[in-house]
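Right, one structure below, let's go through it.
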Amino acid sequence: MKYKQYPQRDAIKNFFPLPNEIFCLGLCSGEIAVYAYLMYCEDRKTFQCHPSYRTIGRAVGLSRNTVKKYVAWLEQKQLIATQPTTIYTKDGRKRNGSLLYTIRPVEEAKAHYYEQQLERAALLQVRSKAG
């Protein structure tokens, strides 16, 4: 039996970077999937992309409402920022467009996560002294 090698792949075209730190931020699998898809779609120069909830959901196998929930959680954890966009139809009517996602530096999210952990620890300490 002859060994068949995998076809040659271009590392720049076929892969995208995903920061290791996201695995230390207490994210659930759905949040990681949505974040990874946004990283996949982003423009590497502007750090922005604008897929719809439906597009993200199809790509990661989640419903539109579930994607919306995970996007809100990623925003709270400061991994992404969102801005509403508008589009104009052919007949000139103004409509809501997809959100414009900006991928924020993961270091900011890490700092925010550690601040929250310290606040929780201080609150638990106060509660244990009071009780």
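The values are calculated or read from the model by the stated rules, or taken from the named source; none is laboratory data. Everything numeric here is computed off the predicted structure, so don't read it as measured data. We place every Cβ from the backbone using ideal geometry, glycine too, and count neighbours over all the protein chains shown. Surface accessibility is based on the protein's heavy atoms, side chains included, excluding ligands, DNA and RNA. Shrake-Rupley method; radii C 1.70, N 1.55, O 1.52, S 1.80 Å.
Could you say whether any residue in segment 39-55 is within 23 Å of GLU21 (Cα to Cα), open to solvent by 40 Å² or more (accessible area, probe 1.4 Å), aromatic (Phe, Trp, Tyr) and free of Cβ contacts under 8 Å to residues at least 40 places away in the same chain? Don't jump to the end; show me each part of the working.
Start the filter on segment 39-55 by keeping residues that are within 23 Å of GLU21 (Cα to Cα), which leaves 39-49.
Filter once more, keeping what is open to solvent by 40 Å² or more (accessible area, probe 1.4 Å): 40-41, 43-48.
Imposing the further condition that a residue be aromatic (Phe, Trp, Tyr) reduces the set to 40, 47.
Add one more test, that the residue is free of Cβ contacts under 8 Å to residues at least 40 places away in the same chain, and what stays is 40.
Yes - at least one qualifying residue is present in segment 39-55.
Filter segment 87-116 for residues that are exposed (fewer than 10 other Cβ atoms within 10 Å of the Cβ) and in contact with a strand residue (DSSP E or B) (Cβ under 9 Å, 6 or more places away or on another chain) and give the result.
Matches in segment 87-116: THR89, LYS94, ARG95, ASN96.
Hey, can you tell me all the residues within segment 57-86 that are open to solvent by less than 90 Å² (accessible area, probe 1.4 Å), under 18 Å from CYS28 (Cα atoms) and of a type in the set (A, V, I, L, M, F, W, C)?
ALA59, VAL60, LEU62, VAL67, VAL71, ALA72, LEU74, LEU79, ILE80
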